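Before any comments, here is the structure.
The values are calculated or read from the model by the stated rules, or taken from the named source; none is laboratory data. As the structure is a prediction and not an experimental result, all values here were calculated from the model. Cβ placement follows ideal geometry from the backbone for every residue including glycine, while neighbour counts extend to all protein chains displayed. For accessibility, only protein heavy atoms count, side chains too; no ligands or nucleic acids. Shrake-Rupley method; radii C 1.70, N 1.55, O 1.52, S 1.80 Å.
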Amino acid sequence: MNDSINGKQNILNLGPAELRGVVSAYGEKPFRADQVFGWLSKGVADFADMNNVPAALREKLAENYYIGQPEITDSRESKDGTVKCLFSFSDGAMVESVFMKYSYGNSICISSQVGCRMGCTFCASTMDGLERGLTGGEMLGEVLAMRNHTGEDINHVVVMGMGEPFDNYDELGRFIKLIHEPGGYNLSLRNITVSSCGIIPGIRQFAGDFPQVNLAISLHAPNQELREKTMPVAKKYEFNELIQACKEYTDATGRRITFEYALIDGVNDSRQCAEELASHLKGMLAHVNLIPLNEVEGREYRKARGENVLRFKEILEHKGIAATVRRTLGSDIDAACGQLRRRKSNNCD
């Protein structure tokens, strides 16, 4: 991961303890690190704006570090108020992030990688492959830059954008710790959701490391055969083993898992699929989030018909499985689930 400019390091990657080591090396008292961390978490993008930090320390920091908030290369706003930003990092790598308004507060969907190598056949993010992972500080930078751009507080974070979070596990963990720091952004762990396509070792490690963070699994099929056709990751992590790992997760954490299920016309939206899915999840602490497929340019799949979506939901509920149909936000600007990719909009200057 290249997260430096002219030898300077991204200071957003540093937590309070690491910053204390830095300021102590500069001859300053440790509390100065807490001041700096507080300013960074407020979204300050220039050391000169940290007006209660001594000028000499600000100068030292500026000599050796930069504040790695990404630049906005493109921004679009949906008719429903959703905002999508194409962010550019120090090395020119770009990702998309999405700001959404809900009745329970504002949410941001951030990316964890530049592109994706999972190869899901209905998703735009994987079409150009994987360039690199993001650092924890770069993920935090997405949140801070979006808050600065919208002028709105962000109360919930979902790591559900470009990339597979568990394919970048260490930096994902760094991000969660950074945004949760009481002296910084102070976001509750329960207001963070991480979505994985089913990396079983990551699920097991996550249960021990972050039991309070919400977990979502992109399932999208009721059996191994169908999952293999749409999600190549299934060839490595078999369906029944994945379901077992999810049961172990709920037993270990006491937390409900959300299973994301994109309904694709004629592929996985049949009555039989619904009944089979219900049989696997019966008795499990789980919720199914049904997503009428968000169609992607360059992909052949089409969204399930409305009557099939409702039938699927009714079958699950009749079998005792909690299910909802996701409210689609930002589809008119290609900001909905599965539509994020690294390109400017056609209407940007």
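In a DSSP loop and with at most 13 other Cβ atoms within 10 Å, the GluC sites (Glu not before Pro) in segment 241-327 are GLU297, GLU300. In order along segment 43-52, the phi-based Karplus estimate (6.51 cos²θ - 1.76 cosθ + 1.60, θ = phi - 60°) of 3J(HN,Hα) comes to x, 4, 10, 9, 4, 4, 7, 7, 6, 9 Hz; Gly and Pro are listed as x. Amide H to amide H distances under 5 Å link SER218 with SER196, CYS197, GLY198, GLU260, where only residues 5 or more positions off or on other chains count and H is placed in the peptide plane. Highest-first packing order for the peptide set 251-257, 320-326 is 320-326, 251-257, based on the mean count of other beta carbon atoms within 10 Å. Residue order by solvent-accessible surface for HIS287, HIS318 is HIS318, HIS287, largest first, with ligands and nucleic acids left out and a 1.4 Å probe. Across segment 1-108, C-alpha contacts under 8 Å between residues 6 or more apart give a mean separation that, scaled by the residue count, equals a relative contact order of 22 percent.
Considering only GLY141, GLY115, GLY183, the Gaussian network model of the chain with Cα springs below 10 Å gives its largest mean-square fluctuation to GLY183.
Scanning residues 5 or more positions from ARG117 or on other chains, those with amide H under 5 Å from its amide H are GLU164, with H placed 1.01 Å from N in the peptide plane. Shown here for segment 36-123: chymotrypsin sites (Phe, Trp or Tyr not before Pro) in loop regions (DSSP other than H, G, I, E, B) with at most 10 other Cβ atoms within 10 Å, namely TYR104.
Placing +1 on the Cβ of every Lys and Arg and -1 on the Cβ of every Asp and Glu, with nothing else charged, gives segment 113-226 a dipole about its Cα centre of roughly 220 debye. Projecting the alpha carbon convex hull of the chain along each direction and taking the average yields 17.7 nm².
Heavy atoms only, 1.4 Å probe, whole protein assembly: order GLU171, GLU181 by accessible area, highest first.
Heavy-atom accessible area, descending, gives GLU181, GLU171.
Dividing the mean sequence gap of close Cα pairs (under 8 Å, 6+ apart) by how many residues the chain holds gives a relative contact order of 16 percent. When a 1.4 Å probe is rolled over the protein heavy atoms, the share of accessible surface on the chain that falls to carbon and sulfur comes to 44 percent. Lysine pairs in segment 1-153 whose alpha-carbon atoms fall under 17 angstrom of each other, counting only those eight or more residues apart or on distinct chains, come to 4.
Charged side chains reduced to their Cβ positions (Lys and Arg at +1, Asp and Glu at -1) give the chain a dipole of some 580 debye around its Cα centre. Placing unit charges on the Cβ atoms of the charged side chains and taking the dipole of segment 85-186 about its Cα centre, the candidate lying farthest along the positive direction among HIS180, LEU140, LEU130 is HIS180. Taking all protein chains together and rolling a 1.4 Å probe, ASP128 ends up with roughly 110 Å² accessible. Using alpha carbons only, how many degrees (0 to 90, rounded to 10) separate the axis of helix 55-64 from the longest principal axis of the chain? Its long axis makes an angle of about 50 degrees. Expressed in Å, the radius of gyration and Dmax of the Cα atoms of segment 55-203 are 15.5, 53. Over the residues of the chain, the helix contribution to mean residue ellipticity at 222 nm works out to -10000 deg cm²/dmol, using -39500 (n - 2.57) for each DSSP H run of at least 4.
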